[in-house]
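The next block holds one structure in the form of structure tokens; read it before the comments.
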Number of protein chains: 2
Amino acid sequence: MDRFLSSAVNRIDAKGRVSVPAHFRSVVQRRGFTDLYALRALDIPAMDVGGPDLLDRYEERIAVEDPFLQTADDMSFFVHGDGSFLKLDQDGRITVSDFIREHTGIASEVAFVGRGLFFQMWEPERLRAHGEQVRARLRKLRQQAAQDRLAAGAE
Amino acid sequence: MDRFLSSAVNRIDAKGRVSVPAHFRSVVQRRGFTDLYALRALDIPAMDVGGPDLLDRYEERIAVEDPFLQTADDMSFFVHGDGSFLKLDQDGRITVSDFIREHTGIASEVAFVGRGLFFQMWEPERLRAHGEQVRARLRKLRQQAAQDRLAAGAE
DNA sequence: CGGGATATCATGGGAGCTTATGGGCGTCAA
DNA sequence: TTGACGCCCATAAGCTCCCATGATATCCCG
């Protein structure tokens, strides 16, 4: 399987390093990459992380915009300026920069969450809270759907 | 990777010098440039910095304007007359001229921001404010796209 | 089936290189 | 002469490479 699946929590050591879960590393490696690319997620305190191909996908998206309009500029600013390469050392660890800490609130532990084509880095407690919210939204959605079906049947 | 990515904040010393981030320097070198060219960004308090190819990009933009209109003339003046060379010293530092300080508000620290084919120099606090605005615009764009899809599905 | 050997993995720390930053000194031009 | 600038060196902090350890999972063979 060459997708990012499941999750794990790892500890940051005294030098600010953290091990990327071995499974995630092997996915990146199988695609032929040695580096990771991290992007600040738009509306949640998490980093979206993937191989450099993640960057390529975004750049393809930018390419369809008119390069002289503000939207293209915004997208480039976000992708190139609000992201950074994470160099994997020989033991498969990355250093957690202030850039990451600021956006995520990560301090001493990192929660890695597989998301298919990429994975995310979270502060564990925030991830838990976010998970609650997501579940609540999904429950509500399902109830809503059930009610709609009832209403449609009564007509 | 030969693109300008991620960001860093460096301090200006007593002589008015500032180190260009090592990663950016290596990109410049890999592209075969020895000098940097800096332009005042059009509608933001930042410098656009890159190799000579940066000029090509701006000239391309001018080319789409009608040469008889004032806009083209303004832009040409801006690109060819209102830019400056930045010489890298042996330690990879540039001196921050008044030309740059005036347009950006840079005083004691410089934020370098990768933008793919070029990079930008910002006053750190202004960069933060600008980043917020960009993220807000992109969030709005995403919501808009989601609504459009819903509307299309309802037809 | 069981238990020891082996491999894998997260984590800790030492050593050396790279980078950012500060400052001295000579040169050239206003 | 003075101030801006280029060249050189020094230093401290940060980062990368390398090795060690313990815990866990996997394998293999009796």
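Using the crude model of +1 on Lys and Arg Cβ and -1 on Asp and Glu Cβ, and no other charge, please compute the dipole size for the protein assembly as shown relative to its Cα centre, in debye to 20.
Using only the charged Cβ atoms, the result is roughly 1760 debye.
Treating cross-link reach as a plain straight distance, find the lysines whose alpha-carbon is under 30 Å from the alpha-carbon of A:Lys87, omitting any fewer than eight places away in the same chain.
Of all the lysines, those that pass the test against A:Lys87 - Cα under 30 Å, at least 8 places apart if same chain - are A:Lys15, B:Lys87.
If I fit a long axis through the Cα atoms of helix B:53-63 and take the longest principal axis of the Cα atoms of chain B, what angle between them do I get, 0 to 90°, rounded to 10?
Helix B:53-63 sits at roughly 50 degrees to that axis.
Between A:Asp56 and A:Gln147, what length in nm is gained on full extension when 0.36 nm per residue of separation is reduced by their alpha carbon distance?
Here the answer is 28.5 nm.
Report, to the nearest whole %, how much of the accessible area of chain A belongs to carbon and sulfur atoms, 1.4 Å probe, protein only.
About 50 percent, which is the carbon plus sulfur part of the accessible surface.
List the residues of the stretch B:1-27 for which accessible area in the full set of protein chains is at least 40 Å² lower than for the chain on its own; 1.4 Å probe, protein heavy atoms only.
B:Met1, B:Arg3, B:Leu5, B:Ser6
Which far-off residues, 5 or more places away or on another chain, put their amide H under 5 Å from the one on A:Ile12, with H placed in the peptide plane?
The list, which skips near neighbours in sequence, is A:Glu109, A:Val110.
Taking the Cα atoms only, what angle lies between the long axis of helix B:124-154 and the longest principal axis of chain B, rounded to 10 degrees?
Taking the Cα atoms of chain B, the angle to B:124-154 is about 20 degrees.
Considering Cα pairs under 8 angstrom that are at least six residues apart, work out the relative contact order of chain B and quote it in whole percent.
33 percent
Specify the inter-centroid distance of the stretch A:1-79 and the stretch B:110-155, based on alpha-carbon positions, in whole Å.
Answer, in whole Å: 17.
For a quick check: with amide H placed at 1.01 Å from N, whose amide H comes under 5 Å from B:Leu36's, ignoring anything fewer than 5 positions away on the same chain?
Long-range HN contacts for B:Leu36: B:Leu86, B:Leu88.
What list of ³J(HN,Hα) couplings, whole Hz, do you get for the stretch B:15-28 from phi and the Karplus terms 6.51, -1.76, 1.60, once you set θ to phi - 60° and write x for glycine and proline?
Using θ = phi - 60°, the values come out as 8, x, 9, 9, 6, 6, x, 3, 5, 5, 4, 5, 5, 4 Hz.
Please compute, for peptide A:81-88, the average count of beta-carbon atoms on other protein chains lying within 10 Å of each residue's beta-carbon.
Neighbouring Cβ atoms belonging to other protein chains average 5 per residue here.
The values are calculated or read from the model by the stated rules, or taken from the named source; none is laboratory data. Bear in mind that the values here come from a model prediction, so they are computed numbers and not experimental data. Methodologically, a virtual Cβ is constructed for each residue, glycine included, from the backbone with ideal geometry; neighbour enumeration extends over all protein chains shown. All accessible areas refer to the heavy atoms of the entire protein, side chains included, with ligands and DNA or RNA removed. Shrake-Rupley method; radii C 1.70, N 1.55, O 1.52, S 1.80 Å.
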